[in-house]
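Every number here is computed from the coordinates shown, using simple stated rules; none is lab data. If you're wondering where the values come from, they're calculated on a predicted model, not measured in any experiment. Positions of Cβ are generated from backbone atoms using ideal geometry, with glycine treated the same way; all protein chains shown enter the neighbour counts.
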Amino acid sequence: MITLNVNGAPRQIDADPATPLLYVLRDHLQLNGAKFGCGLGQCGACTVMVDGRAVFSCVVPVSAVQGRAIKTLEGLGTLDKPGRMQRAFIEEQAAQCGFCIPGMIMRAQALLERNPSPTQAEIRSHMSTNLCRCGTHMRILRAVERAARER
Ligand code: FES
Ligand code: FES
């Protein structure tokens, strides 16, 4: 058994230690915010936070995150009470198909937790690892700036 700390709560998982964190979150814990995009660490759809840093959960073995603080989209808020970053993405209508958005939100959240007032250049640089095939990058950028302003 592997014990994980997910969104502030201990969770016991019966999984092969080499299983990607993304699969454990989705298949064992039914936390479906993080998405499977490429499975190769190249798109960012699977981004979650580990100890405050954005990571690609598709390429992180679950054994590597035992005892570390894992935060997923579900840990930021709920449908009724979305968190600040989630609200900003809604208010800026940043999603088209929406597939990349959970990963974008988690990457942006990690940035603002470390740097509450990033410049636009810092936001662009930080977010550049996450891809949006729908091309809503400018709205995503505005959403992150809004969240920073509204903190
Ligand atoms: S699914 Fe993890 S980086 Fe694409
Ligand atoms: S909104 Fe469709 S991939 Fe980003």
Flag if Asp80 is away from ligand 2 (no atom under 16 Å from the Cβ), under 21 Å from Leu25 (Cβ atoms) and more than 11 Å from the chain's Cα centre (by Cα): no
Top-ranked residue of region 1-38 - restricted to ones that are in contact (Cβ under 8 Å) with a residue 60 or more places away in the chain, among the hydrophobic types (A, V, I, L, M, F, W, C) and closer than 15 Å to Thr72 by Cα, ranked as surrounded by the fewest Cβ atoms within 10 Å (Cβ to Cβ): Val6
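Could you tell me whether Lys81 is of a type in the set (D, E, K, R) and within 23 Å of Cys134 (Cβ to Cβ)? Can you show your working first?
Working: of a type in the set (D, E, K, R): yes; within 23 Å of Cys134 (Cβ to Cβ): no.
Judged against the criteria, Lys81 is not a match.
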Of all residues making up region 69-105, the number that are touching a helix residue (DSSP H, G or I) at 6+ places or on another chain (Cβ under 8 Å) and among the aromatic types (Phe, Trp, Tyr): 1
Options Pro116, Pro61, Pro102, Pro82: the member that is under 18 Å from Leu22 (Cα atoms) and out of contact with any strand residue (DSSP E or B) (no Cβ under 7 Å at 6 or more places or on another chain): Pro102
Residue list for region 89-142, filter: surrounded by fewer than 19 Cβ atoms within 10 Å (Cβ to Cβ), more than 13 Å from ligand 2 (Cβ to nearest atom) and closer than 13 Å to Ala45 by Cβ: Thr129
